[in-house]
Amino acid sequence: MLEYEVEIKEGAEVTLDGDKVTFKGAKGELSREFSHPKIKVEKKDAKIVIKSEDEGKRVKSMMGTWRAHMNNMITGVTKGWTCSLKLVYAHFPVKLEQKDRHLLIKNFIGARSDRTADVLEGVEMKLEGDTIKLSGADKEKVGQSAANIEHATKVRGYDRRIFQDGIYLSGKPVPMEGE
């Protein structure tokens with residue numbers, strides 16, 4: 001019998017409804033379905049227990065992945081996640097503008113048309129000069145929004161050694177401080 005435990009931090013509530021696990025906290029609510037024929041999820045006291053009769057490599061790796069996802073979700077609803085991106089340009093002055101759930105990148109490499117990057121629902125974006133701060137409860141959405149912004153400024157058709165312009169991740173998603 002293989003068992004992994006996930007400790008429920010103070011300030012987080014967990015409810016199980018079949019295969020669906022819901023986490024609630026000060027920063028929001030996250031839910032996800034964890035279903036596998038050989039793995040069961042239970043709640044005992046202040047812990048979530050992930051258990052399986054099978055001790056194979058694939059089941060073991062799936063259980064470890066679930067444990068990591070649950071830990072990230074608990075951290076997200078209690079503290080939240082944040083990451084930052086840095087705008088770098090040398091050839092043309094770039095202007096950033098926030099419009100609804102999009103980031104408009106104007107005059108990138110002297111282009112007349114604007115480039116846009118989608119910021120996913122549940123992620124808050126702040127522009128501070130040449131720095132973009134993303135924050136939210138879901139680590140995956142914060143990271144995907146950062147990837148969308150980075151991808152929007154990918155340079156094509158120019159020598160990357162010379163044209164190093166773009167928006168780059170300056171810090172991977174980390175738990176928010178001071179919360």
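Of the numbered conditions (1) under 24 Å from the mean Cα position of the chain (by Cα); (2) loosely packed, with under 15 Cβ neighbours inside 10 Å; (3) farther than 24 Å from S170 by Cα, P37 fails exactly one; give the number of that condition.
(1)
In segment 76-101, which residues are surrounded by 17 or more Cβ atoms within 10 Å (Cβ to Cβ) and over 22 Å from L16 (Cα atoms)?
Selection gives W81, T82, C83, S84, L85, L87, Y89, V94, L96.
Conditions: (1) more than 25 Å from R32 (Cβ to Cβ); (2) in contact with a Ser or Thr (Cβ under 9 Å, 6 or more places away or on another chain); (3) touching a residue at least 24 places away in the same chain (Cβ under 8 Å). K139 meets all but one. Number of the miss?
Failing condition for K139: (1).
Which pairs have Cβ atoms under 6 Å, sit 6 or more apart or on different chains, and link a residue in segment 107-134 that is more than 19 Å from K86 (Cβ to Cβ) to one that is in a loop (DSSP other than H, G, I, E, B) and of a type outside the set (A, V, I, L, M)?
Sorted first by the residue in segment 107-134, then by its partner, the pairs are G110/F92; G122/D138.
Considering every residue within segment 59-75, establish whether at least one is under 25 Å from the mean Cα position of the chain (by Cα), more than 30 Å from K133 (Cβ to Cβ), loosely packed, with under 13 Cβ neighbours inside 10 Å and not assigned by TED's automatic domain parsing to the domain that holds A137.
yes
The values are calculated or read from the model by the stated rules, or taken from the named source; none is laboratory data. Nothing here was measured: the structure is a model prediction, and the numbers come from that model. For neighbour counting, all protein chains shown are included, and Cβ atoms are generated from backbone atoms with ideal geometry for every residue, glycine included.
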